[in-house]
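Just so it is clear, none of the values below were taken in a lab; they were calculated from the coordinates. Small disclaimer: the values here were computed from a predicted structure and weren't measured. Note: ideal-geometry Cβ built from the backbone for every residue, glycine included; neighbour counts use all protein chains shown.
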Amino acid sequence: MSKYLTILVMAMMLAVGTDAQVSVSAKIDTSMMLIGDQTNFRVEASFPDGYKVMLPVMADTVSRGLEIVEAGTVDSVLADGIVRISQKYVVTNFDSGWYAVRQLPFAILDPSGNTDTIYSEQVYYGVMTMPLDTANANAICPPKPMAEAPFKISELVPYVKWAMLALLVAA
């Protein structure tokens, strides 16, 4: 009985050690931002050389409300047999409130051909509106009327010349 228990414990330790070799993360540069501000959002994976990891594919939004303004290129570094890949996104949000970026899936292919998916932790952030100065009565102003452009006779001269030329040709 103890022989089977030892084998089970060793198998569990091996499984834990295998999972610990690959780490993934998703991070946002700030936990609070003003509405419409832009900030960086980064996805990263770290894994042993020989593994293949596919970063999450995001087209125009990361999650509800978090819009991608610019997607950076994928950057990779190999040091001490560990590969680190990352991609930076410039993101913005146009609605105030508290948000959670869902867990992002990272597809993994190990050297023996086994595939797996590891999910990042959720990322939380808040979006604030611009604080309003209530002490100043002129803080909120109505829209200004359209400005009237001054009219100059010199602006009319080319049109008069073309009109006279057209009358001469027509006659």
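Annotation note: GluC sites (Glu not before Pro) in the stretch 62-171 located in DSSP loop regions with a Cβ neighbour count of at most 16 within 10 Å are Glu121, Glu148. If you take volume of the Cα convex hull per residue in Å³ from the coordinates, which of (i) 139; (ii) 304; (iii) 106 do you get? It is the value labelled (ii).
Report the longest stretch of the chain that contains none of the chymotrypsin sites (Phe, Trp or Tyr not before Pro) sitting in a DSSP loop with at most 11 other Cβ atoms within 10 Å.
The longest uninterrupted stretch comes out as 1-93.
In percent, rounded to a whole number, the relative contact order of the chain is 22, using alpha-carbon pairs under 8 Å and six or more apart. Charged side chains reduced to their Cβ positions (Lys and Arg at +1, Asp and Glu at -1) give the chain a dipole of some 260 debye around its Cα centre. Ranking Pro143, Leu55, Ala163 by Cα position along the charge dipole of the chain, where only Lys, Arg, Asp and Glu carry charges on their C-beta atoms, puts Ala163 farthest toward the positive end.
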